[in-house]
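S.K.: Just dropping this structure here.
The values are calculated or read from the model by the stated rules, or taken from the named source; none is laboratory data. Bear in mind the structure is a predicted one, so any value in this text is a computation, not a measurement. Glycine also receives a Cβ, built like all others from the backbone with ideal geometry; neighbour counts cover every protein chain displayed. Accessible surface areas use protein heavy atoms only, side chains included; no ligands, DNA or RNA. Shrake-Rupley method; radii C 1.70, N 1.55, O 1.52, S 1.80 Å.
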Amino acid sequence: MKSLYQIKNIHVLKSSDNLIYPQNKDEYYLKSEKGDVVIEGNEVWAMQTLAQLADEKGRIPDVEIHDWSAYPFRGFMHDTGRNFQTIEMLKETIDLMSLYKINYFHWHLTDNPAWRIECKVYPQLNDPQYQRPGRDCGKFYTYDEIRELIAYAKERGITVMPEIDMPGHSKSLGVVHPDILCNYTPDTSHTNGIDVRDVWCASKETNYQLIEDIVKELVDIFPSEYIHIGGDEVNFKWWKDCPDCQQLKVEKGLKDEEQLEQYFINRVSDILTKYHRKAMVWDEAVEGGLLPTTTMVTDWRGVKQCLQTTRQGYPTIIMPSSVFYLDKRQYPYDKGHNSRNGLSLQTICDFSFEDAGFEEAQRKNIAGLE
C-alpha cells in the first residue's frame, strides 16, 4: 500500500520545464513528494487532480503526473431555453464540469418557449405574457446573474458560451416582434387562427439590424470567443411561401432554401466578426455549401453527419444525439426521450472515433466533444 502524506506546501511554478506542449492551455505537470507539491502549467486542472488524489483525511500519495487534453473543446450543454434552471443549479453543474476537466459551458438561452436572457434593448422579450405557459413562464437571467456565473465558471477553468438560436426556434421572439417574420399572411386554418411561424425572414434588412442590436449586448456580457447562432431544424416552408425570400433567392443566385439559410448565417457571422467574435452553428447550417470552412460546427444529428462535416474540412464538435445526449431514457421508467439505441453512460464511454469510421485526415478536424 502506498504511503500517504498530509499536504505541506503547494508550489505553483511559472516555469514550463516539464511541459511538452506549451501551446496546449490544458497541459499541467504535478509532482507530490512526502506532502510537498509542485505544479506547472494549468493550475486549475492540476488542483482538481490533486483533490481527486486525496483521501478522506486530506492525505495524498507520492505521484508524478503529466497530463494534457487531446482536444481543446470539451463541452457540456444545458438547454435552459426550454427548461429554466436557477443560477445555483447551474453552479452545481459547473462544479462537476470542472471536476472532470470539461472546459466549455454551452448555454442554450433562447428557443420557441422563451427568451431566457435579459434584453435591455427589447425588454418585451422577457415578459411572461409572451411566453409559452407551463415552461417556467417569465423566468430569465439578469445581466448581473450572468456575469456572476461567468466569473464563477472562469475560476474553475470553464468558458461560458451563449447560444441564441436562429433563424429557426424563434417563436418567442416572433410573438414579441412579429415584424421579424416573413411579410405575408400564413394559413392558420389548422392552428386555431394562431400564427405558429418561428423563423426569421431572410430578406428583411431590418432583421439584421435587430440582430446587431442583440449582438452588441451579448458581446458586452460574454467574453467567449464563440457565440453559437443555431441554424438547426429550420422550417423552410415559411421561406418557400414568402415572395420576398423567393425574390432574394433569385437576386443572390441561390439554388434552394439551404443556401438561403447560409446567406442568413453568413450575414449574422459578419455581424459577429464586426464585434470580434466567431460563429458556431449546428450541422444543418452547412448543408448548402456556402459557409466558409472556418465555421465551427456542433454536429448533433448523428455519426454520419459528423463524418461528413469533418470530411468537408469544418472544425467539428462531436456530439451525435444517439451517443451524447443525456436527456434520453436509460431505463423504461426513466423520464426523458425514448432512445432506440439504448443510450446509457456506457454508450458514451464506449464511443470510439476509430470504430465510428473517422479516418486520420478527418480526426484533424475534430475540435472536441460535447
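S.K.: Take Cys137 and decide whether it is touching a residue at least 12 places away in the same chain (Cβ under 8 Å), of a type in the set (A, V, I, L, M, F, W, C), surrounded by fewer than 19 Cβ atoms within 10 Å (Cβ to Cβ) and not in a strand (DSSP E or B).
M.R.: Details: touching a residue at least 12 places away in the same chain (Cβ under 8 Å): yes; of a type in the set (A, V, I, L, M, F, W, C): yes; surrounded by fewer than 19 Cβ atoms within 10 Å (Cβ to Cβ): yes; not in a strand (DSSP E or B): yes.
When the stated conditions are applied, Cys137 passes them.
S.K.: Before we move on, is Lys120 outside any helix (DSSP H, G or I) and surrounded by fewer than 20 Cβ atoms within 10 Å (Cβ to Cβ)? Talk me through it step by step, then tell me what you get.
M.R.: Values: outside any helix (DSSP H, G or I): yes; surrounded by fewer than 20 Cβ atoms within 10 Å (Cβ to Cβ): yes.
So Lys120 passes the test.
S.K.: Looking only at residues that are modelled with pLDDT of 75 or more and hydrophobic (A, V, I, L, M, F, W, C) in region 309-348, which one is nearest to Asn83 (Cα to Cα)?
M.R.: The selected residue is Leu326.
S.K.: Continuing with this model, one more query. Is it fair to say Asn83 is open to solvent by 70 Å² or more (accessible area, probe 1.4 Å), polar (S, T, N, Q) and within 17 Å of the chain's Cα centre (by Cα)? Before you say what the answer is, go through the steps one by one.
M.R.: On the way: open to solvent by 70 Å² or more (accessible area, probe 1.4 Å): yes; polar (S, T, N, Q): yes; within 17 Å of the chain's Cα centre (by Cα): yes.
Yes: the conditions hold for Asn83.
S.K.: State all residues of region 23-63 that are in contact with a Phe, Trp or Tyr (Cβ under 7 Å, 6 or more places away or on another chain) and not in a helix (DSSP H, G or I); if no residue qualifies, say none.
M.R.: Those that are in contact with a Phe, Trp or Tyr (Cβ under 7 Å, 6 or more places away or on another chain) and not in a helix (DSSP H, G or I): Asn24, Asp26, Glu27, Tyr28, Lys34, Gly35, Ile39, Glu40, Gly41, Asn42, Arg59, Ile60.
S.K.: Also: Residues of region 1-52 being surrounded by 15 or more Cβ atoms within 10 Å (Cβ to Cβ) and farther than 23 Å from Tyr100 by Cβ, which ones?
M.R.: Passing the criteria: Leu4, Tyr5, Asn18, Gly35, Val38.
S.K.: Which one of Met97, Met77 is open to solvent by less than 20 Å² (accessible area, probe 1.4 Å), under 20 Å from the mean Cα position of the chain (by Cα) and in contact (Cβ under 8 Å) with a residue 12 or more places away in the chain? Show your work before the answer.
M.R.: Values: Met77 fails: open to solvent by less than 20 Å² (accessible area, probe 1.4 Å).
Result: Met97 is the single residue among Met97, Met77 that is open to solvent by less than 20 Å² (accessible area, probe 1.4 Å), under 20 Å from the mean Cα position of the chain (by Cα) and in contact (Cβ under 8 Å) with a residue 12 or more places away in the chain.
S.K.: Of the conditions (1) assigned to a loop (DSSP other than H, G, I, E, B); (2) more than 22 Å from the chain's Cα centre (by Cα), His66 satisfies every one except a single condition; which number is it?
M.R.: Of (1) assigned to a loop (DSSP other than H, G, I, E, B); (2) more than 22 Å from the chain's Cα centre (by Cα), only one is false for His66: (1).
Condition check ((1) among the hydrophobic types (A, V, I, L, M, F, W, C); (2) open to solvent by 70 Å² or more (accessible area, probe 1.4 Å); (3) modelled with pLDDT under 95) across all residues:
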{"site": "Leu181", "(1), (2), (3)": "yes, no, no"}
{"site": "Thr185", "(1), (2), (3)": "no, yes, yes"}
{"site": "Thr191", "(1), (2), (3)": "no, no, yes"}
{"site": "Ser203", "(1), (2), (3)": "no, no, no"}
{"site": "Glu212", "(1), (2), (3)": "no, no, no"}
{"site": "Tyr226", "(1), (2), (3)": "no, no, no"}
{"site": "Asn235", "(1), (2), (3)": "no, no, no"}
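S.K.: Moving to a separate point now. Within region 167-179, work out how many residues are open to solvent by 10 Å² or more (accessible area, probe 1.4 Å), touching a strand residue (DSSP E or B) at 6+ places or on another chain (Cβ under 9 Å) and closer than 30 Å to Thr93 by Cα. It would help to see each step written out before you state the result.
M.R.: Step one: filter region 167-179 for residues open to solvent by 10 Å² or more (accessible area, probe 1.4 Å), giving 169, 171, 175-179.
Retained after the next criterion (residues that are touching a strand residue (DSSP E or B) at 6+ places or on another chain (Cβ under 9 Å)): 169, 176.
Going one step further and asking which of them are closer than 30 Å to Thr93 by Cα, we end up with 169.
Qualifying residue count, region 167-179: 1.
S.K.: How about region 257-370: which helices (runs of 4 or more DSSP H) wholly inside it have at least 3 residues that are open to solvent by 30 Å² or more (accessible area, probe 1.4 Å) and of a type in the set (D, E, K, R)?
M.R.: Per the criteria, 257-274.
S.K.: Quickly run through region 101-114 and pick out the residues that are open to solvent by less than 10 Å² (accessible area, probe 1.4 Å) and over 16 Å from Leu149 (Cα atoms).
M.R.: Listed by number, the residues that qualify are Thr110, Asp111, Pro113, Ala114.
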